[in-house]
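Structure, as structure tokens:
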Amino acid sequence: MMRRNRRLLLAACATLLSVTATARGQQFAEPALFAPPAPPFESVAPAADHAVQQAVHNPAGYPGAGYQRATVGDRYADTVGYQYGRPTGDVVPAVALVNARREAPAEAVPLSQAPSFGGPAVPILPPTTFRLDDLVGIAIEQNPILRREQARIDGAKGDRVQAGLYENPIMFTNNPEIWAGQSTFVNFGFKQKIAVKGKMRLEKAAADQAVRFQTAEYRLERARMLTEVRKQYYKTLAAKHRIYLARHLTGLAERGVGGARQLQNAGEGSLTDVLLLDTEYQREQINLRNAETNFQGELKQLAAIVGSSGIIIEDIDGTIFDAPPEFNESDVQDFVANDSSYAERARADLTQKQTELRRAEVDPYPDLELGPHYVAGTLPSSAQYWFTVEFQIPVWNLNQGNIRKSNAAVHKSIAARRTTYNENHKKVSELFAEYRAARQRAERIRIEILPNAQEAQRLVQDAYVKGQFNVNRLLKSQHNLATVSSEYFDAAEKAWDTAAEIAGMLQLEQFP
């Protein structure tokens, strides 16, 4: 009997040690999010050849977020994964799996099993997933902003045509007509207005500059529209990446709660630790839901900015962690000042105002109204012909007020051109300052700060398991990691946002 009790006691001790080891070893294993840190401004080389494998994974609660491992020929990107929510290798989505997904969607899995930043996954592009080039193409084809600007150009061209047309001749009867039997006389004639001193030529030249102005305005509105689409695209893309971050932090909190409960059951933890970590887990769940809701809102704003009626954008493809294009500030300043549509619009406006001033100066010269006149009567030899010449005598009204007004308009245009130059120069300088600061900040966080935050969290986790730190240190390390990661996302988003604005100042059709 005593021997049997001894065996039962030894079995219970072994069970207790096993539970403790499980709580320490499994619940605090570092997730794949930050190991290794994502290289935001450099590419990751594809892995070596490997056997073809395919696996479809659809996280619960995320619209259009299916994932797969895919092949390129016989090469399998085994280590390709989502680091900060982006594929890190030369991988092409498999069309067959996309079609299979449409017919039979993959079964949803719990959030704790969803792929984090480091999980080996490549995005499937569903039919409603758009790339930046797709959205830009749709905006160019269907956005009403461009249709409105084209209509303005057509209106300016109509004014130009009208400015080159002579006034129609006037037919008149030179009243009174006389109806007196044999003494009846009937009068009629024509008059045509003849403009002098090249007035019509000046009016047509001014209308030409109006067409030139509206054409430059069209190009600027096009550049502004493309800039807004690009900025909203990267803002939406950042919101999508923040879902991955929120999922990772939720997974960390979930593992922490599970580990604390097992430690409590093993007699090495406390209810306080469980409650604190459970509160953190619930906070992260709320943050995750907020991130998903914000992403949906950004998608709707993106669809509105694209401007195509009825377009539904369920997901977008891309990354904010690649390096934006390099720009040379002096070249950008020179282009904006001399060769951009800003400069073209200013030159057209100044030339138009100068032409209108010249037109006002020649306006006092009177236009001629002339034409033939004929009188027919019933009496013999009563027909008469004569030629009429009429014009105003410029005595009091020499167009002094309009000349002064046109002269002021010229000076105003010169000042506006200089003001536009100064504003654009200031804007470009500010954009480059923000762009460089954002890139430097992102690089500094990626290379130095983020690895330190990761290592600090790992050390605190190990120390917490060993009883060296309390739960507050663990929570603080998790908050620190979340803050650093969020700042990294903000810096990368800001870098692309300012890069899109610089591209808009350069009126680039292709970006990035």
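The values are calculated or read from the model by the stated rules, or taken from the named source; none is laboratory data. Model, not experiment: these values are computed from the prediction. Neighbour counts are summed over all protein chains in view; Cβ atoms, including those assigned to glycine, are modelled from backbone coordinates with ideal geometry. Calculation scope for accessible area: heavy atoms of the full protein, side chains included, ligands and nucleic acids excluded. Shrake-Rupley method; radii C 1.70, N 1.55, O 1.52, S 1.80 Å.
Can you go through 413, 485 and tell me which one is open to solvent by less than 60 Å² (accessible area, probe 1.4 Å) and under 30 Å from residue 355 (Cβ atoms)? Show your work before the answer.
Details: 485 fails: under 30 Å from residue 355 (Cβ atoms).
Criteria check complete, one pass: 413.
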Only one residue in 189, 181 is surrounded by 18 or more Cβ atoms within 10 Å (Cβ to Cβ) and over 60 Å from the mean Cα position of the chain (by Cα), so which one is that?
-> 189
Among the residues of the range 259-268, count how many are surrounded by fewer than 21 Cβ atoms within 10 Å (Cβ to Cβ), within 50 Å of the chain's Cα centre (by Cα) and at pLDDT below 80.
-> 1
Which pairs do you get when a residue that is touching a residue at least 60 places away in the same chain (Cβ under 8 Å) and open to solvent by less than 10 Å² (accessible area, probe 1.4 Å), found in the range 217-242, comes within reach of a residue that is part of a helix (DSSP H, G or I) and polar (S, T, N, Q), reach meaning Cβ atoms under 6 angstrom, with the pair 6+ apart or on two chains?
-> 220/341
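Which one of these is in a helix (DSSP H, G or I), small (Gly, Ala, Ser) and touching a Gly at 6+ places or on another chain (Cβ under 9 Å): 253, 206, 223?
Numbers: 253 fails: touching a Gly at 6+ places or on another chain (Cβ under 9 Å); 206 fails: touching a Gly at 6+ places or on another chain (Cβ under 9 Å).
None of the others qualify; the one that does is 223.
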Out of all the residues in the range 425-441, is one or more open to solvent by less than 40 Å² (accessible area, probe 1.4 Å), without any contact (Cβ under 8 Å) to a residue 60 or more places away in the chain and more than 18 Å from the chain's Cα centre (by Cα)?
-> no
Cross-chain or 6+ apart pairs with Cβ under 6 Å, the range 312-341 first and more than 25 Å from residue 128 (Cα to Cα), then basic (Lys, Arg) | 341/219
Does any residue of the range 202-212 turn out to be over 27 Å from residue 370 (Cα atoms) and modelled with pLDDT under 90?
-> no
Checked pairs for the range 182-206, first farther than 13 Å from residue 360 by Cα, second crowded, with 17+ Cβ neighbours inside 10 Å and of a type in the set (Gly, Ala, Ser), C-beta under 7 Å and 6 or more apart or across chains, list as 184/377; 185/377; 189/371; 190/371; 191/371; 192/371; 204/163
May I ask you to list the residues in the range 298-339 that are exposed (fewer than 13 other Cβ atoms within 10 Å of the Cβ), of a type in the set (Gly, Ala, Ser) and closer than 28 Å to residue 427 by Cβ?
-> 304, 330
Whichever residue in the range 160-174 is surrounded by 12 or more Cβ atoms within 10 Å (Cβ to Cβ) and part of a strand (DSSP E or B) and, among such residues, is nearest to the chain's Cα centre (by Cα) | 170
If a residue has to be more than 16 Å from residue 444 (Cβ to Cβ) and either hydrophobic (A, V, I, L, M, F, W, C) or open to solvent by less than 10 Å² (accessible area, probe 1.4 Å) (or both) to count, how many in the range 488-503 make the cut?
-> 6
Specify the residue that is nearest to residue 320 (Cα to Cα); the eligible residues are those in the range 442-464 that are of a type in the set (Val, Ile, Thr) and open to solvent by 20 Å² or more (accessible area, probe 1.4 Å).
-> 447
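Scan the range 360-382 residue by residue and report those that are open to solvent by 50 Å² or more (accessible area, probe 1.4 Å) and within 58 Å of the chain's Cα centre (by Cα).
The first filter runs over the range 360-382 and keeps only residues open to solvent by 50 Å² or more (accessible area, probe 1.4 Å), leaving 361, 363, 365, 368-369, 372, 374, 378-381.
Matches in the range 360-382: 361, 363, 365, 368.
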Taking interchain pairs and intrachain pairs at least six residues apart, which have beta carbon atoms under 6 angstrom, with the first residue in the range 380-403 and aromatic (Phe, Trp, Tyr) and the second open to solvent by less than 60 Å² (accessible area, probe 1.4 Å) and assigned to a loop (DSSP other than H, G, I, E, B)?
-> 391/366
